[in-house]
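First the structure, in the form of structure tokens, and then the observations on it.
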Amino acid sequence: MNVRAHVSMTFHLDKCIGCHTCSVACKNLWTDRKGTEYMWWNNVETRPGTGYPTGWEDQERFKGGWVKRNGQLKLRLHSRARGLTNLFYNPALPELDDYYEPFTFDYQNLFTAPEGDDQPVARPVSMITGEPMNINAGPNWDDDLGGSNLYAENDPNWEGVSPEIQAQMAEIERVAFNYMPRICNHCLNPTCVAACPSGAIYKRGEDGVVLVNENKCKGWRMCVAACPYKKVYYNWATGKSEKCILCFPRLETGQAPACFHSCVGRIRYLGAILYDADKIATAANAETKDLVQAQLDAILDPFKPDVIAAARAGGLGDDWIKAAQDSPVYKFVKVWKLALPLHPEYRTLAMLFYIPPLSPIVSTIEDGLFKLELPPDQVDFELFNHLEKARLPLEYLANLFAAGSVEVIKPILRKLLAVRIYKRRQSVERSIDAATLKIVEAAGTTPEEIEAIYRLTAKPTLQERFVVPPYHREMATEVWNDPLAHKGETGVGFIELPVRGD
Amino acid sequence: MHGLTIPAADFYDDLRQRQGRKLNGTTYPSLENALEVAEVILYLDPVSNGELAYRAFKDEEKKTGQKLTDLAESVRDTRISFADIVAQPRRQLTSPTWSAIINQGRAYSPFTLNVERLIPWRTLSGRQHFYLDHPNYLNWGEHLPTYKPRPDHSMLLETEVTRAEAQGMLMNYITPHGKWSIHSTYSDNHRMLTLSRGSYPIWLNDKDAKKMGIQDNDWVELFNDNGVFVQRCIVSARIPSGTVFVYHATERTVSIPKSPLRGTRAGMNNSITRARLKPVLMSGGYAQFTYAFNYWGPVGVNRDTFVYVRRIEEPNW
Ligand code: SF4
Ligand code: SF4
């Protein structure tokens, strides 16, 4: 057992309101510079839809992630040898049009327009050419099912959903959508790292954050193509690649990442988990249907004495072990088994997890009629027993979060429904009847677990949602500098101290 | 506000001292520049002056017979000045001029004062009631909220003249609150326009759009007797057929081209609607139907109408 710590996030999709506050916070903090105009390290997608960059899940085109060939994992992008011979040729790279041409507006014209008999206006202009432009793409172009016949209908996750249901989903009485925020998944088996010819990308030992070393990056952009989530971006001004850094400077000072901190729906949970690095290869190599379980198997129980012993032996401090025990991510992912990695079939072992959305629920169509009024004894149980009637089709969610396996999604939705039915019963009827308890049991849970899930879902404190131990950066500083001298110098902003006589 | 009388003469005197200005021999608090105006507002408002919050509750106690001053007891010393809110955002204080209890970091939730501290609702019965027995309401059939069918477009007389030049489809136009802004919220900034479609698009149902030969992101012109609106459109299955909508309170400064039909700069979302006074809102002098600025009075009903919708080629700027 080789125990390591990882700082991971869980997104509770039922709580996301699609406000994009997270995207704005991230953009303002990190990508409001020359060369980063089109980058959104954090973006929020309407699903069904094609996301940003548009159609990023189409790996036939973008060649991201790993594929299993003859029992071995290979980059879908190219073999190692081909990577070197094709260093200057990378056809799988997304182009600017796959993202969007960044635009601004000629606001100055509002002040400088010559006098005339019509009101002046700020026209859209390209941030690249400075010329007037027609805007035909953006980082959130299919928001709220905009252009649904072009985008939502072409969402690759419809695969396996019957054409009748797909057609119904395009009818106003039946449409449903949810929001899905995305950042870099800080994968355990990242293709961005594997594809880099310069060895510039690395996964930090202490918390698993995947970073690009800007000094080493030579701008080959293999990572951009190889990341199946399209979460590495090329900065045209510096000629280097950039990506989400999980706000590590904030983490190291005990603050939540900006996207987390600003989240209006409070859908984000951040915490440490312990995993067994020896199990990475097995987990990434598992049969497609076993991928989720194999990844869960690599996540360790931080209460087990042998795990604790191995963690200590590996150099992990007790505060990290304690943080792993209190981690909301551990609870959602491993204890309650409610959260899943996005597209596990990419085999990068994404380390951010999603609780699939349940809303909007309960609507049945019978004899072509919309039926909400069921006999009172059936209302609660209708959907529980007929998940195939859920508005967001099971197969669709399975394609997003379970490599197509409905059997992985089903127990999660049933448990989430059981929580809802139980808590509703409790607050409306002020008592729990036998039928409800039967549902609780059928969902494989207990009233105690339901209360705990409810508490962390509906009214957690910040301290319950954000559990990250101290990073002890002062000790790292001590190795090469006197902490007091260092403290006095930091405000001056030198990254490398000037040396006298140089 | 809310019929409360809050004695504030001492604070008024303070202001005369602090930022006095002489006029015809008398000293008044100066309202000469924006900063001074802001200070006056903050100093005389119970949500930023704890003593006034306390006095307001005192007055409310007299009216309701409920114990209420405890809600402001601990903040009687608090004064939030303009410099304070420049330094960092501050939480405002609980006050009966609003309806929520926001003490101890509690989020604003309307009417918690009424529900939890038994301040009667400001209606004739002191409760929430839907039934309005005012004769005007009875005469207009508005005494209970009931379903009313969509009026016929000819009744509105807003498409009569345009009918002669009619092109495209006649559709119901509505202007709901936006996703990222309501009313005059500043929304034409670079960030939010980038996260939407870089303009104030016209939403259309996909099947309606098909009938008119309109595709997603095409230019569309909406017009009637009142005016004209030109924008790109979003085609979506989530819009009901027969309806066209534009999120309301669009600016007229960004991305608005000239109207091919009228030759001049196209308008904003309200250019094609017209304010109509709702007659029942002019009834007054009876219980809660009592005029108060920004509370009760006739409003312009200017959100819906009928428009002709047509596809256009790239317009001029
Ligand atoms: S999601 Fe992040 S860690 Fe995973 S492959 Fe992409 S850039 Fe690398
Ligand atoms: S800030 Fe939170 S609620 Fe808003 S879009 Fe982002 S993740 Fe969703």
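Annotations for the structure displayed:
- Residue, nearest to A:Ile453 (Cα to Cα), within segment A:423-441, restricted to residues that are surrounded by fewer than 11 Cβ atoms within 10 Å (Cβ to Cβ) and aliphatic (A, V, I, L, M): A:Val428
- Where helices (runs of 4 or more DSSP H) fall wholly inside segment B:40-156, the ranges with 2 or more residues that are over 30 Å from B:Gln19 (Cα atoms) and modelled with pLDDT under 90 are B:153-156.
- Subset of segment A:31-74 [basic (Lys, Arg) and either touching a residue at least 60 places away in the same chain (Cβ under 8 Å) or in contact with a Lys or Arg (Cβ under 7 Å, 6 or more places away or on another chain) (or both)]: A:Arg33, A:Lys34, A:Arg47, A:Lys63, A:Lys68
- Pick from segment A:121-139, criterion touching a strand residue (DSSP E or B) at 6+ places or on another chain (Cβ under 7 Å) and part of a loop (DSSP other than H, G, I, E, B), ranking: nearest to A:Pro181 (Cα to Cα): A:Pro139
- Residue ID - nearest to A:Leu291 (Cα to Cα), chosen from residues in segment A:163-203 that are hydroxyl-bearing (Ser, Thr, Tyr) and more than 16 Å from ligand 2 (Cβ to nearest atom): A:Thr191
- Among the residues listed as B:Val244, B:Val280, B:Val228, B:Val220, the single one being in contact (Cβ under 8 Å) with a residue 40 or more places away in the chain, away from chain A (no Cβ under 11 Å), among the hydrophobic types (A, V, I, L, M, F, W, C) and under 22 Å from A:Thr46 (Cα atoms): B:Val244
- For first residues located in segment A:1-25 and closer than 19 Å to A:Asp207 by Cα and among the β-branched types (Val, Ile, Thr), partners that are more than 16 Å from ligand 2 (Cβ to nearest atom) and part of a helix (DSSP H, G or I) and lie 6+ apart or on another chain with Cβ distances below 7 Å form the pairs A:Val3/A:Val307; A:Val3/A:Ala310; A:Val3/A:Ala311; A:Val7/A:Leu251; A:Thr10/A:Val333.
- Out of A:Ser23, A:Ser8, A:Ser79, one residue alone is more than 13 Å from chain B (Cβ to nearest Cβ) and within 16 Å of ligand 2 (Cβ to nearest atom). It is A:Ser8.
- Between A:Arg430, A:Arg414, A:Arg391, the distinction of being among the basic types (Lys, Arg), assigned to a loop (DSSP other than H, G, I, E, B) and modelled with pLDDT of 90 or more belongs to A:Arg430 only.
- Residue within segment B:135-158 that is acidic (Asp, Glu) and under 30 Å from B:Met212 (Cα atoms) present: yes
For every residue, the table says whether it meets (1) part of a strand (DSSP E or B); (2) within 16 Å of ligand 1 (Cβ to nearest atom); (3) within 12 Å of another protein chain (Cβ to nearest Cβ); (4) surrounded by 17 or more Cβ atoms within 10 Å (Cβ to Cβ).
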site	(1), (2), (3), (4)
A:Thr36	no, yes, no, yes
A:Trp40	no, yes, yes, yes
A:Thr46	yes, no, yes, yes
A:Thr54	no, no, no, yes
A:Arg61	no, no, no, no
A:Asp97	no, no, no, no
A:Phe111	no, no, yes, no
A:Glu115	no, no, no, no
A:Gln119	no, no, yes, no
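- Residue within segment A:159-175 that is hydroxyl-bearing (Ser, Thr, Tyr) and surrounded by fewer than 22 Cβ atoms within 10 Å (Cβ to Cβ) present: yes
- Taken together, the residues in segment A:121-142 that are among the charged types (D, E, K, R) and facing chain B (nearest Cβ under 10 Å) amount to 2.
- Just so you know, in segment B:2-39 the residues that are among the small types (Gly, Ala, Ser) and not in a loop (DSSP other than H, G, I, E, B) include one that is surrounded by the fewest Cβ atoms within 10 Å (Cβ to Cβ), and it is B:Ala9.
- Residues within segment A:143-179 that are of a type outside the set (S, T, N, Q), in contact with a Gly (Cβ under 8 Å, 6 or more places away or on another chain) and more than 9 Å from every other protein chain (Cβ to nearest Cβ), tallied: 5
- Test: B:Met171 is touching a residue at least 40 places away in the same chain (Cβ under 8 Å), over 24 Å from the mean Cα position of the chain (by Cα), more than 13 Å from every other protein chain (Cβ to nearest Cβ) and farther than 21 Å from B:Thr273 by Cα: no
- Filter result for the condition that a residue is assigned to a loop (DSSP other than H, G, I, E, B), in contact with a Lys or Arg (Cβ under 7 Å, 6 or more places away or on another chain) and over 29 Å from A:Met39 (Cβ atoms), over A:Ala176, A:Ala170: A:Ala176
- Filter pass, A:Gly18 being in the same structural domain as A:Gly239 (by TED's automatic domain parsing), more than 16 Å from ligand 1 (Cβ to nearest atom) and either buried (at least 18 other Cβ atoms within 10 Å of the Cβ) or within 30 Å of A:Pro302 (Cα to Cα) (or both): yes
- All positions within segment A:254-280 that are in contact (Cβ under 8 Å) with a residue 60 or more places away in the chain and more than 14 Å from ligand 2 (Cβ to nearest atom): A:Gly254, A:Gly271, A:Ala272, A:Ile273, A:Leu274, A:Tyr275, A:Asp276, A:Ala277, A:Asp278, A:Ile280
The values are calculated or read from the model by the stated rules, or taken from the named source; none is laboratory data. For clarity, every value in this text was computed on a predicted model and none was experimentally measured. So basically every Cβ, Gly included, is an ideal-geometry build from the backbone, and we count neighbours across all protein chains shown.
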